[in-house]
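The values are calculated or read from the model by the stated rules, or taken from the named source; none is laboratory data. Please read these numbers as outputs of a predicted model, since none were measured by experiment. Methodologically, a virtual Cβ is constructed for each residue, glycine included, from the backbone with ideal geometry; neighbour enumeration extends over all protein chains shown. Heads up: the accessible areas ignore ligands, DNA and RNA and are worked out on the full protein's heavy atoms, side chains in. Shrake-Rupley method; radii C 1.70, N 1.55, O 1.52, S 1.80 Å.
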Amino acid sequence: YPPMSTPRGWYPAACYAQVNNEPRIYVCGGSTSTTSLSSCEYLSILTKTWYTITSMNTPRGYAAGVLLPDGASFVVCGGWSGGSLATCEKLTLTSNTWSSNVANMTTIRYAHAAVLYKTKMVVIYKLLSCVWETASLSGH
């Protein structure tokens, strides 16, 4: 597979999704050595090509994301953009549009992990111990 269109490191958010029967890997945010990124792209598994899509509203390095149960939306939360973030954004995969119309986390987080459990996103974050936070994704 070819390299991404935008070099990125430092924990970009990523997910696998089927969109219109096409398997894709979405990668959003991350950082260069000097700045957090808002850019996003997906890899078409069928064409082995990266496609640039609409950027997030907020640059996010060290962010985490999950594919929602409907399989049509990807939520990215937290991260680092000159300071830790508690905000979240939702990408509608069929239109490649971002919305901030999603609940934020109760606490700022970066360098965290997230998994989907039923209709909740479970955020795992470690400072001195492991903290679990769940956010309801119903009504998205």
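Okay, here's what the table says:
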{"read-out": "Hits in segment 18-61 (condition: hydrophobic (A, V, I, L, M, F, W, C), outside any loop (DSSP other than H, G, I, E, B) and more than 19 Å from Pro2 (Cα to Cα))", "value": "Val19"}
{"read-out": "Filter result for the condition that a residue is modelled with pLDDT of 80 or more and touching a Gly at 6+ places or on another chain (Cβ under 6 Å), over Ala111, Ala86, Ala63", "value": "Ala63"}
{"read-out": "Matching residues, segment 62-108, being open to solvent by 40 Å² or more (accessible area, probe 1.4 Å), within 16 Å of Val122 (Cα to Cα) and not in a loop (DSSP other than H, G, I, E, B)", "value": "Leu67"}
{"read-out": "Pairs where the first residue, in segment 70-88, is closer than 13 Å to Thr107 by Cα and the second is among the β-branched types (Val, Ile, Thr) and part of a strand (DSSP E or B), C-beta under 8 Å, 6+ apart", "value": "Cys77/Val123; Gly78/Val123; Cys88/Val75; Cys88/Val76"}
{"read-out": "Some residue of segment 69-83 being aromatic (Phe, Trp, Tyr), more than 10 Å from the chain's Cα centre (by Cα) and farther than 23 Å from Glu22 by Cα", "value": "yes"}
{"read-out": "Pairs where the first residue, in segment 1-18, is in contact (Cβ under 8 Å) with a residue 40 or more places away in the chain and the second is surrounded by 13 or more Cβ atoms within 10 Å (Cβ to Cβ) and acidic (Asp, Glu), C-beta under 7 Å, 6+ apart", "value": "Met4/Glu41; Ser5/Glu41; Thr6/Glu41"}
{"read-out": "Matching residues, segment 37-62, being aromatic (Phe, Trp, Tyr) and within 21 Å of Leu85 (Cβ to Cβ)", "value": "Tyr62"}
{"read-out": "Every residue from segment 34-49 that is of a type in the set (S, T, N, Q) and more than 28 Å from Ser100 (Cβ to Cβ)", "value": "Thr47, Thr49"}
